[in-house]
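> Can you read through this structure? Questions will come right after.
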Amino acid sequence: TVGCAVVDANGHCASATSTGGLMNKMCGRIGDSPLIGAGTYACGACAVSCTGEGEAIIRSTLARDVAAVMEYKGMRLQEAVDWAIKERLDEGKAGLIAVSGDGEVAFGFNTVGMFRGCATEQGLMEVAIW
Amino acid sequence: MVGWAIAVHGGAGVDPSLPAERQEAARRVLSRCLALGASALRAGRAAVDVVEMVVRDLETDPVFNSGRGSALTRDGTVEMEASIMDGRGRRCGAVSGLTTVKNPVSLARLVMDRSPHSYLAFDGAEEFARQQGVEVVDNSYFVTDENVSMLKLAKEANSILYDYRVPIPETCSAGAGAMQMNGLPISIYAPE
């Protein structure tokens, strides 16, 4: 799975996710990536793209929950991401990247690693796996 | 005005002993995509345009398992899926079951922009792709030798159910055997 989350200079957020799904999957299987609110979500608060165990991400409405706790509990982006990974995935294995409308970037995962990178207008640029 | 920011991912669930050259290839692709996105944001492009552009680039590179190099079904075929969401107005588009569309994320964008719906799948999505004139390719474009090998290993393991590739055996870490996922040692899991 690949994904991207962006906030532009006007504070507008967007996200996109694309995948081939899982190796050896049943024909006709739908994963989390195309499901808005599960693998992908964007609103005024943030933009999120998820990857990993699709069935767990669907059950947890992972991407939407990051936005929801920002909207309803007032959490900051990284706090919301950490909460969603810890409290919503149960024993599922997954990760996500996110940006907020305020220009923050965040990520979280409970797998061994996640291929990821981020850059900001302030000059941060980072690529990491583990 | 706020500062722009961009984040990308190429999948979770990485084999702890992923070979250094595979790690380097992944870092190289991610860096290239970040630079592409950052350049567009510096130029004032809208967020929704940038996410589509960056994901298109990721889909075209076989390092990750979307688009070219896609994961395979148990029949050895490709069924790709993608979505896009514009936070401004919470507009969205999604597609599933694509077999010939070169860049699924762009078809998802067209579902959002040019259809009355949010989600099209399988034959309907392929028909919409042709109506919209998006680039299509033979299914074989998406199938790489590496993924055919991985499917064979997955079938032999008879249990790879989630979004993780089975690595070639010599890349498996013997030291990571204590952790398990889906009833299998975590060490057999590699990047998606």
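Rule-based calculations on the coordinates, nothing more; no lab input. The structure displayed is predicted, hence computed values, not measured ones. Because the Cβ atoms are built from the backbone with ideal geometry, glycine has one as well, and the counts that use them run over all protein chains shown.
> Fewest first, what order do B:Val105, B:Val136 take by the number of other Cβ atoms within 10 Å?
By the 10 Å Cβ count, ascending, the order reads B:Val136, B:Val105.
> Pick out which of A:Ile97, A:Ile30, A:Ile85 has the largest mean-square fluctuation in a Gaussian network model of chain A, springs linking Cα atoms closer than 10 Å.
A:Ile30
> Also, quick follow-up: Within a Cβ distance under 15 Å of A:Gly28, other residues only, what is the Lys/Arg minus Asp/Glu net charge?
Summing Lys and Arg as +1 and Asp and Glu as -1 gives -3.
> Which one of B:Val51, B:Gly87, B:Gly37 has its Cα pushed farthest toward the positive end of the charge dipole of region B:19-89, where Lys and Arg give +1 and Asp and Glu give -1 at the Cβ?
Toward the positive end, the furthest listed residue is B:Gly37.
> How tilted is helix A:77-88 with respect to the longest principal axis of chain A? Cα atoms for both, answer in degrees (0 to 90, nearest 10).
Here the helix axis deviates by roughly 20 degrees.
> For the residues A:Tyr72, B:Tyr141, A:Tyr41, B:Tyr119, what sequence is obtained by ranking on other C-beta atoms within 10 Å, fewest first?
A:Tyr72, B:Tyr141, B:Tyr119, A:Tyr41
> Take the Cα of A:Lys73, step 7 Å along the line toward its Cβ, and report every residue of region A:29-61 whose backbone nitrogen sits under 18 Å from that point.
A:38, A:45-48, A:57, A:59-61
> What number do you get for the protein assembly as shown when its Cα radius of gyration is normalised by 2.2 N^0.38 Å, N = residues?
0.90
> Around A:Arg88, under 14 Å between beta carbons, what's the net of Lys plus Arg minus Asp minus Glu among the other residues?
-4
> Straight distance only, please: which aspartates and glutamates reach the Cα of B:Lys152 with their own Cα at less than 19 Å, same-chain residues fewer than 8 apart left out?
Cα-Cα hits under 19 Å: B:Asp15, B:Asp75, B:Glu79, B:Asp163, B:Glu170, B:Glu192.
> Using a cut-off of 16 Å between alpha-carbon atoms, which aspartates and glutamates can reach A:Lys73, once sequence neighbours fewer than 8 places away in the same chain are excluded?
Cross-link targets: A:Asp65, A:Asp82, A:Glu87.
> Could you tell me which of rounded, prolate or oblate describes region B:1-131, using a ≥ b ≥ c as the square roots of the eigenvalues of the alpha-carbon gyration tensor, with rounded for a/c under 1.5 and, failing that, prolate when a/b is larger than b/c and oblate otherwise?
Taking the square roots of the gyration eigenvalues as a ≥ b ≥ c, region B:1-131 is oblate.
> Given the options A:Gly3, A:Leu77, A:Ala67, identify the residue whose Cα lies farthest towards the positive end of the charge dipole of region A:1-90 (+1 on Cβ of Lys, Arg; -1 on Cβ of Asp, Glu).
The Cα lying farthest towards the positive end belongs to A:Gly3.
> Also: Report, ordered by chain and residue number, the lysines lying within cross-link reach of B:Lys155, taken as a straight Cα distance under 19 Å and ignoring same-chain residues fewer than 8 apart.
Correct list for B:Lys155: A:Lys25.
> Follow-up. Through the Karplus equation 6.51 cos²θ - 1.76 cosθ + 1.60, θ set to phi - 60°, convert the phi angles of region B:58-65 into ³J(HN,Hα) values in whole Hz; use x for Gly and Pro.
5, 5, 7, 9, x, 4, 10, 9
> Could you line up B:Ser83, B:Ser106, B:Ser66 from fewest to most neighbouring Cβ atoms inside 10 Å?
Ranking B:Ser83, B:Ser106, B:Ser66 by Cβ neighbours within 10 Å, fewest first, gives B:Ser106, B:Ser66, B:Ser83.
> So between B:Ala43 and B:Arg114, what do we pick up on full extension, going 0.36 nm a residue minus the alpha carbon distance?
23.0 nm
> Round to the nearest 0.05 the FRET efficiency obtained for B:Ser140 and B:Ser31 when R0 = 30 Å and r is the Cβ-Cβ distance.
Computed FRET efficiency for B:Ser140 and B:Ser31 comes out at 0.55.
> Separate question: With Cβ to Cβ distances under 13 Å as the rule, what net charge do the other residues near B:Arg27 carry (K, R +1; D, E -1)?
Net charge around B:Arg27: 0.
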